[in-house]
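> Before we start, here is the structure in question, set down as structure tokens.
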2 protein chains.
Amino acid sequence: MLLSNFFLPILKENPKEAEIASHILMLRSGMIQQSSSGIYSWLPLGKIILDKITAICNTEMINAGSNEILMPTLQSAELWKESGRYEDYGKEMLRIVDRNQRDLLYGPTNEELVTEIFRTHIKSYKELPLILFHSQWKFRDELRPRFGVMRGREFLMKDAYSFDVDYVSSIISYNKMFIAYMQLFKKMGLKAIPMKADTGPIGGDLSHEFIIMAETGESEVYLEKDFINFEGLSGNVNYNDNLQPIVDKYTSFYAATEEKHNHENFTNNDNHIIKARGIEVGHIFHFGQKYSTPMNANVNNDKGKNIPVYMGSYGVGLSRLVGAVIEANHDKSGIIWPKEITPWDYNIINLKSGDDQCDKICSDLYSYLRKNCNTVLYDDTNDRAGAKLAKADLIGLPYQIIVGPNGIKDQVYDLKNRKSGETHKLSYSELLNFFNSKSI
Amino acid sequence: MLLSNFFLPILKENPKEAEIASHILMLRSGMIQQSSSGIYSWLPLGKIILDKITAICNTEMINAGSNEILMPTLQSAELWKESGRYEDYGKEMLRIVDRNQRDLLYGPTNEELVTEIFRTHIKSYKELPLILFHSQWKFRDELRPRFGVMRGREFLMKDAYSFDVDYVSSIISYNKMFIAYMQLFKKMGLKAIPMKADTGPIGGDLSHEFIIMAETGESEVYLEKDFINFEGLSGNVNYNDNLQPIVDKYTSFYAATEEKHNHENFTNNDNHIIKARGIEVGHIFHFGQKYSTPMNANVNNDKGKNIPVYMGSYGVGLSRLVGAVIEANHDKSGIIWPKEITPWDYNIINLKSGDDQCDKICSDLYSYLRKNCNTVLYDDTNDRAGAKLAKADLIGLPYQIIVGPNGIKDQVYDLKNRKSGETHKLSYSELLNFFNSKSI
């Protein structure tokens, strides 16, 4: 991508309204723009990252055998009256009246609507297990929207729903999603830690939150020190295997959100268990027949008995994850994208656009990288050299290739690793060798 | 994809609420499900098609040099008061009040919000031209939602917005989008016809609708007979070329929607100009400074003068297109997907699942097609043979490979072309040759 063709409205000053690093950096790097309180537009750089995170999440959902659907943003109030949540949900639910005076709402979650889809079509255990998921915008009318996309009102969530004929099978589905979550966060370059969690307005008997450790996180958590460095799963998973032993391994560590933490034990064990802060990026729930019973979502089991289906639901905060990735990967100069979700691998910086020799070298490098399938952003704008270097650090691509008149004289070019900060002076052919050897 | 792993809830009967072919077929083939009046859930088969159509559209927008963003579904009423449209828009606008008594609305279109993004960041002609686009759900509270996704209330639209420093440049942007639209419909296997159109609530001095001819279409149109068979552009376009001559070629034909048609001329020319029906799938507008003037979206031109920017907007009805493609491509047995957007190329039909020999041949064919990058759906369910054949015709993949006990005996298998209805009896090796030679 030529930067001159890419809409990247960089802010030079830290925006006053932003308190935490990810919010500041997303505004400064032109990823998002607030449109009203807790509601954001995603500008081109932000949209690319949001899409990458969504794609990684959706792919893992499909690997785990689930089916992608797309439910609408607006739902009828009728279904929520069936489950009893229309009254219970409180002021976070955005209630809407249409031109025919019918009650609608902007979905904060989709248990009711997906249960309606299920009960319309599925009548027998023979069609189970089934997991449906979608990635769709949700709305929760937060009292205090804050921290940019970390606690917005309109936000993108991937939510999955499992349907099983009995308790035992429904735990198998829960385990599949548990492991899929460990996998998808890892594939985003993130270390998420599963913790026992409260079930809140979703309900149920079993729940885990997936937490990214970060000092700015809103969640207070308690966990065994050793869990932080536990490597867990490596490689791909066969989702048809018995996953219980792997789940047991994760849950053998003590880790709980504040609501679920046993404070009495904590005071006796402070060498072993630490108190820390984190960002909730996923939350899974096993709630059995909580929705299927009032909503009459029944199936026949293999004994011919008609029983309410067993369900669970599984959410990933896709738009929040963009902020969480930045909280976990930045320094004072800007963002440091993990290679798994970087928008481009390389950033070519022409320190003197308009200089024939600089233009030629940059343009050759750009063509070479494009041809060889490395993704590349070329800063061909007329900005000053200092502004270009600061911009490159701010937007945080893994490698910068810096081409300027001094380098041209000696026929060496700077290759900078954004994360380590190390710079190497390489000849043109050494650069090409680096591109070819580097499985970025 | 194994059909036993894919959620495809086929309806055996024609649903009573549906009047037109696309609505009937989308419900019967389990592509969509109504969740409330004019609001639909997309089930897995529908979601695949919607994604394919969106991807083709977005790719062509990027080819044409525009930048992808994503604006939110909910907008503040304040911006619409600036443009004057908050009062004008009428009952189709879904108005919402949040918990803090602030006025929001569900965006029916995005001229105001994109103008706000523009005026925040762009101050100089040096950063122009600029085209921003997004594909996002919109809501119009139609009085009579009908025809399924063809006239829904919540619908997916790709909308693009161009920004230019003067009238002449803004026509260049308009032409780019005009040609991009011809290209993207063609890449979906559709023949869209550009027609002079009314500007309606968007406003402006120049507008074209893109119409797919279909007897069930809601739009009455008048056009020269020869235009229907006009081939137009072939191959790719260089969007930096002067596109005016190509646009002129298209607009040299007489074609107008009912509102713009000159009825007087029509009565004198009925051999030459026909009256027909069609489906509006795209609409483009040139409205110059209509929004930038009241909203103070100004730029400095190269003379240092500060002037309101020239704009246009460009919409494609992505969810409506799914219906339109089916209106243009079906027969009495079901859908006939154009190869450009078919969910899979081949449909393997095992007429006797559980029979060792049938299972073996089907499974071998399935592995072969997957390995060789042909996309394939394998009906491995326990349905009866007749039900499987009807299902395959209903969901309309281009080629069916039918494997049953009679064929096994003679070692020949049926290859059916869904569109022509022709069936050929081929040996296993002849089938493989066909897969390899067929650039589907």
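The values are calculated or read from the model by the stated rules, or taken from the named source; none is laboratory data. Note that the structure is predicted; figures quoted are calculated from it, not measured. Neighbour counts run over all protein chains shown; Cβ positions are idealised from the backbone, glycine included.
> What are the residues in region A:84-111 that are over 20 Å from A:GLY38 (Cβ atoms) and either surrounded by fewer than 19 Cβ atoms within 10 Å (Cβ to Cβ) or free of Cβ contacts under 8 Å to residues at least 24 places away in the same chain (or both), if any?
A:GLY84, A:TYR86, A:GLU87, A:ASP88, A:VAL97, A:ASP98, A:ARG99, A:ASN100, A:GLN101, A:ARG102, A:ASP103
> Then there's this: With respect to the numbered conditions (1) outside any strand (DSSP E or B); (2) at the interface with another protein chain (Cβ under 8 Å from one of its Cβ atoms), which one is the sole condition not fulfilled by A:GLN75?
Going through the list (1) outside any strand (DSSP E or B); (2) at the interface with another protein chain (Cβ under 8 Å from one of its Cβ atoms), A:GLN75 breaks only (1).
> Let me spell it out: the conditions are (1) facing another protein chain (nearest Cβ under 8 Å); (2) of a type in the set (D, E, K, R); (3) in contact with a helix residue (DSSP H, G or I) (Cβ under 6 Å, 6 or more places away or on another chain); (4) outside any loop (DSSP other than H, G, I, E, B), and B:LYS91 meets all of them except one. Which number is the exception?
(3)
> Can you name the residue in region B:44-69 that is touching a Pro at 6+ places or on another chain (Cβ under 7 Å), among the aliphatic types (A, V, I, L, M) and crowded, with 20+ Cβ neighbours inside 10 Å and is also farthest from B:GLY148 (Cα to Cα) among such residues?
B:ILE69
> Further question: Could you list, in sequence order, the residues of region B:79-128 that are over 23 Å from A:TYR106 (Cα atoms) and aromatic (Phe, Trp, Tyr)?
Answer for region B:79-128, where residues must be over 23 Å from A:TYR106 (Cα atoms) and aromatic (Phe, Trp, Tyr): B:PHE118, B:TYR125.
> Closer than 30 Å to B:PRO294 by Cβ and surrounded by 16 or more Cβ atoms within 10 Å (Cβ to Cβ), is that true of B:GLY217?
The answer is no for B:GLY217.
> Within 14 Å of chain B (Cβ to nearest Cβ) and crowded, with 21+ Cβ neighbours inside 10 Å - does that describe any residue in region A:162-171?
Looking through region A:162-171, at least one residue is within 14 Å of chain B (Cβ to nearest Cβ) and crowded, with 21+ Cβ neighbours inside 10 Å.
> Quick one: count up the residues across region B:143-155 that are at negative phi and surrounded by 23 or more Cβ atoms within 10 Å (Cβ to Cβ).
Number satisfying all stated conditions: 6.
> Here is a follow-up. Could you please find all residues in region B:12-35 being at pLDDT 95 or above and either within 8 Å of chain A (Cβ to nearest Cβ) or over 19 Å from B:ALA324 (Cβ atoms) (or both)?
B:GLY30, B:GLN33, B:SER35
> Answer yes if at least one residue in region B:99-114 is among the charged types (D, E, K, R), within 13 Å of chain A (Cβ to nearest Cβ), farther than 19 Å from A:PHE6 by Cβ and assigned to a loop (DSSP other than H, G, I, E, B), and no otherwise.
yes
> Counting only residues that are within 22 Å of B:ASP98 (Cβ to Cβ) and facing another protein chain (nearest Cβ under 10 Å), which one in region A:115-142 is surrounded by the most Cβ atoms within 10 Å (Cβ to Cβ)?
A:PHE139
> Would region A:51-68 turn up any residue that is at pLDDT 95 or above, more than 22 Å from B:ASP141 (Cβ to Cβ) and more than 25 Å from the chain's Cα centre (by Cα)?
Within region A:51-68 (the criterion being at pLDDT 95 or above, more than 22 Å from B:ASP141 (Cβ to Cβ) and more than 25 Å from the chain's Cα centre (by Cα)), the answer is no, since none of the residues qualifies.
> Within region A:217-235, how many residues turn out to be aliphatic (A, V, I, L, M) and over 22 Å from A:ARG320 (Cβ atoms)?
1
> Only one of these conditions is not met by A:PHE155: (1) closer than 17 Å to A:VAL325 by Cβ; (2) out of contact with any Ser or Thr (no Cβ under 9 Å at 6 or more places or on another chain); (3) facing chain B (nearest Cβ under 10 Å). Which number is it?
Result: A:PHE155 fails condition (2) only.
> Restrict the check to region B:191-200 and report whether at least one residue is in contact with a Lys or Arg (Cβ under 7 Å, 6 or more places away or on another chain) and either within 22 Å of B:CYS57 (Cβ to Cβ) or free of Cβ contacts under 8 Å to residues at least 24 places away in the same chain (or both).
yes
> Could you figure out which of (1) farther than 28 Å from A:GLU142 by Cα; (2) surrounded by 22 or more Cβ atoms within 10 Å (Cβ to Cβ) isn't true of B:MET1?
Evaluating B:MET1 over (1) farther than 28 Å from A:GLU142 by Cα; (2) surrounded by 22 or more Cβ atoms within 10 Å (Cβ to Cβ) leaves (2) as the failure.
> Counting residues that are in contact with a Leu (Cβ under 6 Å, 6 or more places away or on another chain), which strands (runs of 3 or more DSSP E) fully inside region B:226-309 reach at least 1?
Those strands (runs of 3 or more DSSP E) span B:255-257, B:273-288.
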